[in-house]
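Please read the structure below before turning to the comments.
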Amino acid sequence: MTDPDLTSCLDMIDLTSGQDYRNSSMGWNRDAKLAEMKSPGLRYILVRDGVGAMAAFTSFMPTYEEGQPVLYCYEIHLLDRVRKSGLGRLLMGYLCNIAATLPPITKVMLTCFASNEGARAFYEQMGFVTDDISPRPRVLRGGRETRAPDYVILSKVVDRLTSG
């Protein structure tokens, strides 16, 4: 991945989700996000428009969550002009197909900001559900107040692709 492409992806994250980060307990740290984006093993699918400008991307990596092998979707971002075009569904379909060809992976996982209701509805339409490892609301001292987590972890079980 070239440095300009990495910068374009980072800018797209800031544009499409930066406010969600800023409003969360995690906050937005551009340098930390860039370091994460350079993680060894992280793979990207880039989508360019007719003039070569970045219009969407997804990043993913086979990894382990709670000891279970999964394909983790680190990011999926689309510019407004390509949303509602079927592109997001296509990209998520690619991830599910990749997971289905990588034994022993049985599911795709991702993290979604609780405040991003549109994204969550999209993932649920794609068959994602709240995973068992997703954080639950915490009851604070005194037991009268709960604090909801800033994010949910969603997952989708994938069917193994067989040849023939």
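Quick note: the coordinates plus some simple rules give every number you see, no bench work behind them. For clarity, every value in this text was computed on a predicted model and none was experimentally measured. All Cβ positions, glycine included, derive from the backbone under ideal geometry; neighbour counts span all protein chains shown.
Among the residues of segment 117-151, just one is in contact with a helix residue (DSSP H, G or I) (Cβ under 7 Å, 6 or more places away or on another chain) and either of a type outside the set (A, V, I, L, M) or over 23 Å from K84 (Cα atoms) (or both), namely F122.
Scanning segment 133-159 for residues that are over 24 Å from Y21 (Cβ atoms) and without any contact (Cβ under 8 Å) to a residue 60 or more places away in the chain gives V139, R141, G142, G143, R144, E145, V157, D159.
Just to be sure before I move on: is G67 exposed (fewer than 15 other Cβ atoms within 10 Å of the Cβ), in contact (Cβ under 8 Å) with a residue 12 or more places away in the chain and not hydrophobic (A, V, I, L, M, F, W, C) in the structure I sent? No. Each residue in segment 15-43 was checked for being surrounded by fewer than 16 Cβ atoms within 10 Å (Cβ to Cβ) and either farther than 18 Å from C112 by Cβ or touching a helix residue (DSSP H, G or I) at 6+ places or on another chain (Cβ under 7 Å) (or both), and 12 pass.
No other residue among F113, F122, F128 is farther than 27 Å from R160 by Cβ, aromatic (F, W, Y) and surrounded by 13 or more Cβ atoms within 10 Å (Cβ to Cβ) apart from F113.
Within segment 98-107, is there a residue that is farther than 26 Å from Q19 by Cα, of a type outside the set (D, E, K, R), surrounded by fewer than 17 Cβ atoms within 10 Å (Cβ to Cβ) and in contact with a helix residue (DSSP H, G or I) (Cβ under 9 Å, 6 or more places away or on another chain)?
Scanning segment 98-107 turns up no residue that is farther than 26 Å from Q19 by Cα, of a type outside the set (D, E, K, R), surrounded by fewer than 17 Cβ atoms within 10 Å (Cβ to Cβ) and in contact with a helix residue (DSSP H, G or I) (Cβ under 9 Å, 6 or more places away or on another chain).
Given the conditions (1) in contact with a Pro (Cβ under 6 Å, 6 or more places away or on another chain); (2) of a type outside the set (K, R); (3) without any contact (Cβ under 8 Å) to a residue 40 or more places away in the chain, report the number of the one that M61 does not fulfil. Only one criterion is unmet by M61, namely (1).
Going by the structure shown, is G41 on the phi > 0 side of the Ramachandran plot and outside any strand (DSSP E or B)? Here the answer is yes, as G41 does meet what is asked. Take K107 and decide whether it is of a type in the set (K, R), touching a residue at least 60 places away in the same chain (Cβ under 8 Å) and under 20 Å from I76 (Cα atoms). Criteria not met by K107.
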